[in-house]
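Presented below is the structure to which this report refers.
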Amino acid sequence: MIKKTPFHEIHRKLEAKIVEFAGYYMPLQYRSMIEEHKRVRKSVGLFDLSHMGEFQVRGEGAAPLVQNAITNDISRLEIGQVLYTCMCYPDGGIVDDLLVYNLGDEYMLVVNASNIEKDFAHLKSLIKSDDVDLINLSDETALLAIQGPDAQKALAKMTDCDLESIPFYWSATAKVAGVEMIFSRTGYTGEDGFELYFPPEYAGKVWDAAAEAAREFDGEPIGLGARDTLRLEMKYALYGNDIDQTTNPIEAGLGWTVKLDKADFVGKEAIARVKAEGPKRRLVAFELKEKGIPRQHYPIICDGKKAGEVTSGMFSPMLEKGVGAGYVDKPYDNVGNEIGIDIRGKIVPAEIVKPPFYKQGTRR
């Protein structure tokens, strides 16, 4: 059964184009995806992210469980701080990429919508004692993101909390639109932004307040389509496209999330081996040098033969050219290398570049 987010009726009234995504009815776009994309780059946009998963981990065994499950190191987290990390299988393949919130007496894990059941089962399989509680709060959590250069100005209209005191990748608990909630300053767009977590029954109240605040800065609702193009302009990984169980953090360019100096964790031995030997391929960013749009699974050609394939691709609204990401075999993966993208039989020249593609983001 396909689920509806707490904001579903609002999307319908706004005449959004609704699609099925990760088991939910979600707004793909409200008007033009390109215009929505540019709105977030220039001012502020509202995103319904209620399809994402939220897990609560508490008890004396909470920290050891999370520490064992992820590649990054939560021992470095202060209360209120947020951590981006991977969670891997023993062979180093990626279960998911996620955020870990240190809330003091518990942790909140925010996982990808398509992986909620899989992630929960994986974490549950790692519990070896009865001193930890793992609770899936996904259906009990509404999530609204406010993203863009004017995000702080918009949120300031909704709360008395001192937003200047909240650094990037930190969270706070305060009243927003009169509702007590956890909110954080992270984002998936390359711009400044906040994520509001609260009970679904307040969805209408919080949305109305956020929409009114955003309108003052020419803000508007943003669909999944622009969310994807915004993240790709920053070369942020998308699970199921750029990373999955067949990829490891080192080849995916996520080695910075792996702390091999911490105690044992799931996948440590395999990942350490890849790092020591060097990956056989690497996820790279590329720009087309001629007209064309690279799509997922298009072959990447080097020296006349296939040396990889596109994992994500699009026409960049800000750069006005085709850009993409894909795994390229060694030794063709260096920045500056010329490659070819096989677009329906035509080899379109491209160049491997240093990400992000869009370099004017407020939080790049």
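Bear in mind these aren't lab numbers, they're just calculated from the coordinates by the rules spelled out. What you see is a predicted model; the values in this text were computed from it and never measured. All Cβ positions, even for glycine, are placed from backbone atoms using ideal geometry, and neighbour counts span all protein chains on display.
I'd like the distance between the alpha-carbon centres of the range 311-364 and the range 1-51, rounded to an integer number of Å.
Taking the Cα centre of the range 1-51 as reference, the centre of the range 311-364 is 27 Å away.
What distance in nm lies between label points placed 7 Å from Cα along the C-beta direction at E277 and E60?
It works out to 4.1 nm between the two label points.
Which longest run of the chain has no exposed loop site in it, a site being GluC sites (Glu not before Pro) in a DSSP loop with at most 11 other beta carbons within 10 Å, and the site itself not part of the run?
For GluC sites (Glu not before Pro) (loop position, at most 11 other Cβ atoms within 10 Å), the longest site-free span of the chain is 79-319.
In 20 Å bins starting at 0, how do the alpha-carbon pair distances of the chain split up by percent?
29, 58, 13, 0
For the range 280-364, what class follows from the C-alpha gyration tensor (a ≥ b ≥ c being the square roots of its eigenvalues): rounded when a/c is under 1.5, otherwise prolate if a/b is larger than b/c, else oblate?
oblate
So for the pair E78, V353, with labels modelled 7 Å out along Cα→Cβ, what separation do we get in nm?
The answer from the label model is 3.7 nm.
What does the C-alpha gyration tensor say about the overall shape of the range 53-138? Classify as rounded when a/c is under 1.5, otherwise prolate if a/b is larger than b/c, or oblate. Mind showing how you got there, number by number?
Working: a/c = 1.30, a/b = 1.18, b/c = 1.10.
Rounded, since a/c falls under 1.5.
Measuring from a point 7 Å past the Cα of A263 along Cα-to-C-beta, which residues in the range 86-128 have an amide N at less than 15 Å?
Within reach of a label on A263: 127-128.
May I ask you to derive the FRET efficiency for R31 and L319 from their Cβ-Cβ distance with R0 = 25 Å, giving the value to the nearest 0.05?
Numbers: r = 21 Å, r/R0 = 0.86.
Step by step, r from the Cβ atoms, then E = 0.70.
Enumerate the lysines that K305 could reach by cross-link, defined here as Cα to Cα under 18 Å, with residues fewer than 8 away along the same chain left out.
K280, K330, K346
Hey, can you grab everything whose amide H is under 5 Å from the amide H of G253? Only 5+ residues off in sequence or another chain; H modelled, so Pro and N-termini drop out.
L283
Quick one: net charge of P279's neighbours, Cβ under 12 Å, K/R +1, D/E -1?
Charge balance in the 12 Å sphere: +2.
List, in order, the whole-Hz ³J(HN,Hα) value for each residue of the range 329-341 obtained from phi through the Karplus relation with A = 6.51, B = -1.76, C = 1.60 and θ = phi - 60°; use x for Gly and Pro.
With coefficients 6.51, -1.76 and 1.60, one gets 5, 5, x, 8, 9, 7, 4, x, 5, 8, 10, x, 10 Hz.
Work out, step by step, the length gained on full extension between Q360 and D139: first 0.36 nm times the residue separation, then minus their alpha carbon distance; give nm to one decimal.
Here the segment from Q360 to D139 would lengthen by 76.0 nm.
Given contacts defined as C-alpha pairs under 8 Å and at least six residues apart, what's the relative contact order of the range 65-206, whole-number percent?
Relative CO of the range 65-206 lands at 19 percent.
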